[in-house]
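The values are calculated or read from the model by the stated rules, or taken from the named source; none is laboratory data. Computed from a predicted structure; not experimentally measured. Here Cβ is always computed from backbone atoms with ideal geometry, including for glycine, and neighbour counts include all displayed protein chains. Calculation scope for accessible area: heavy atoms of the full protein, side chains included, ligands and nucleic acids excluded. Shrake-Rupley method; radii C 1.70, N 1.55, O 1.52, S 1.80 Å.
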Amino acid sequence: MSTMQSPRELYGELFEAVQRSRLYRDSKTFVDAVPRGMPEAIVRQYRTERERPGFDLGAFVQAHFDLPAADAAASGLAPADDVRAQVDRLWDKLVRPADPDIPFASLIPLPHRYVVPGGRFRELYYWDSYFTMLGLAVSGRHDILGEMVANFASLVDRIGFIPNGTRTYYGTRSQPPLFVLMVELLAQATGDTAIVDRYGAQLEREYAFWMAGGESLAPGQSARRVVRFGDVVLNRYWDDAAEPRQESYAEDLELAAETTREASDLFRDLRAACESGWDFSSRWFDETRAFASIRTTSLLPVDLNSILFHLETVLAGIRERGGDIAAATRFRDRAAKRRALLRSLFFDESHGFFCDVHHATGKSTGILTLAGAWPLFVGVATDGQAQRVADRLRADFLRPGGWVTTLTNTGQQWDAPNGWAPLQWIVVEGLRRYGFTELAHEGARRWIDANTSIYRQTGHFLEKYDVEHPGRVAGGGEYAVQDGFGWTNGVLVQLLSRG
């Protein structure tokens, strides 16, 4: 690719002026724009013209950049009784061709076709894609499924990890490392079990990204995405930058002005929450539940460590099949140690549920969220723990429209009353894995009904849903609810296919 420089690096004071002024309703607009000339020349022109009376910043940007097209509705089809058939038709609206390498654009080009989430999310996103791919598998779109896996492998090969999304301004963080689940899904969908081994190098390189620095830590120390807890290296969400997010620049500066916290700490915790995919949630806040109290990097997340347990297990199998027994043993040992801590450190006996943990104290946050279903999804929970989690899910999380994300309503989008497709899938499959099929079926049925009810009213599939009031459009977050929507479509058709 021609450059990995971000918009802030390319445009400096012009970037600052545009984003601080909130020239566009969505701060993502400018960072997705494509320059019509060399960035250095545009900045020089800006310095000259801004001194002239009547300078119009908006007109300047319009003259020197191609702004992203207005977000076209990806759904909006005429409501029909056959919802699954309608979802199948939507894939072509969300598929994008291989990208050209456009000089100085923020888009990181991909060599193959891919599916975007929809709405303002006009590029490939990491963890979204696994749940989208679930639907591609059911719809028989194995060609695109394979191309998406190849795209993610190419990102690992070129960058060394998979970024949050294919934009240069996401280049300092990743997202939950679900590439392993994508590879397994492709192998299952195509019947080609050797696929997992063929992507072994990229899976291991991604693992190395998440574990970087862990071997040199003393107990209690942390660095980037790793924390040494006793003789075990565990993981946290992180971002290698500690500055306002470029795509939410003014918003982050305004939040920093409202608190006495060190701004760099606040910015990194905001960015780390974006790496988690849960942007934003009371899951990350202290007991005040105030947004500025976000403390993502202080926590050991139960979902991330569950995913990495699964990755370690898969890597052990790959190495064993390749004849490297010593490496296989190392991965199995790491997985066993992580499993032991997931069952002890992360299981909050007082709540009968898996929770995140403060890495400085080793104590549970006591905050109940659907992230606590991940140990069931990856099969790391004991049968007794799974029973207690199922009881808690039934009593506290099951709402008329599906599973609610948390038990707290803060106005953040990853809190009550909202439900999200990826978490519905994790809960349903986790329950099924441990034999709670009736409860899983009931949650799935309620989610399907909530999705299809709004679809039949509006012709749209949405990014998130209000599961406490099915039929009401969900709120919260930094932007309006988005239409499309890749992971909603994917999980919906998977659940429909299960009956």
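Table for the structure above
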quantity: Given (1) surrounded by fewer than 17 Cβ atoms within 10 Å (Cβ to Cβ); (2) modelled with pLDDT of 95 or more; (3) assigned to a loop (DSSP other than H, G, I, E, B), index of the condition SER174 fails; calculated: (1)
quantity: Any chance THR166 is among the hydroxyl-bearing types (Ser, Thr, Tyr) and open to solvent by less than 20 Å² (accessible area, probe 1.4 Å); calculated: yes
quantity: Residue that is farthest from ASP333 (Cα to Cα), among those in the stretch 231-265 that are aliphatic (A, V, I, L, M) and in a loop (DSSP other than H, G, I, E, B); calculated: ALA242
quantity: Those residues of the stretch 219-249 which are buried (at least 20 other Cβ atoms within 10 Å of the Cβ) and in contact with a Ser or Thr (Cβ under 9 Å, 6 or more places away or on another chain), in sequence order; calculated: SER222, ARG225, ARG228, ARG236, TYR237, TRP238, ASP239, ARG245, GLN246, GLU247, SER248, TYR249
quantity: Neighbours by Cβ (under 7 Å, 6+ apart or cross-chain): first from the stretch 147-159, without any contact (Cβ under 8 Å) to a residue 40 or more places away in the chain; second among the hydroxyl-bearing types (Ser, Thr, Tyr); calculated: GLU147/TYR114; MET148/TYR114; MET148/SER129
quantity: Residue list for the stretch 439-471, filter: among the hydroxyl-bearing types (Ser, Thr, Tyr), closer than 19 Å to GLY118 by Cβ and at pLDDT below 95; calculated: THR452, TYR455, THR458
quantity: Verdict on SER216 being open to solvent by 30 Å² or more (accessible area, probe 1.4 Å) and free of Cβ contacts under 8 Å to residues at least 12 places away in the same chain; calculated: yes
quantity: Number of the condition not met by GLU254 [criteria: (1) within 17 Å of LEU315 (Cβ to Cβ); (2) without any contact (Cβ under 8 Å) to a residue 60 or more places away in the chain]; calculated: (1)
quantity: The stretch 266-295, residues that are open to solvent by less than 10 Å² (accessible area, probe 1.4 Å), of a type outside the set (S, T, N, Q) and in a loop (DSSP other than H, G, I, E, B); calculated: GLY277, TRP278, PHE280, PHE285, ILE294
quantity: Matching entry among MET38, MET4 (being farther than 25 Å from GLY119 by Cβ and within 26 Å of the chain's Cα centre (by Cα)); calculated: MET4
quantity: Selected residue (only one of GLU438, GLU463 is more than 30 Å from GLU251 (Cα to Cα) and acidic (Asp, Glu)); calculated: GLU438
quantity: Among (1) surrounded by fewer than 21 Cβ atoms within 10 Å (Cβ to Cβ); (2) more than 18 Å from THR410 (Cβ to Cβ), the one test that PHE347 misses; calculated: (1)
quantity: Residue check for PHE179: open to solvent by 10 Å² or more (accessible area, probe 1.4 Å) and touching a Leu at 6+ places or on another chain (Cβ under 8 Å); calculated: no
quantity: Single condition SER298 does not satisfy, out of (1) within 19 Å of TRP210 (Cα to Cα); (2) open to solvent by 40 Å² or more (accessible area, probe 1.4 Å); (3) more than 22 Å from the chain's Cα centre (by Cα); calculated: (3)
quantity: Within the stretch 7-65, considering residues that are at positive phi and among the small types (Gly, Ala, Ser), the one most open to solvent (accessible area, probe 1.4 Å); calculated: GLY54
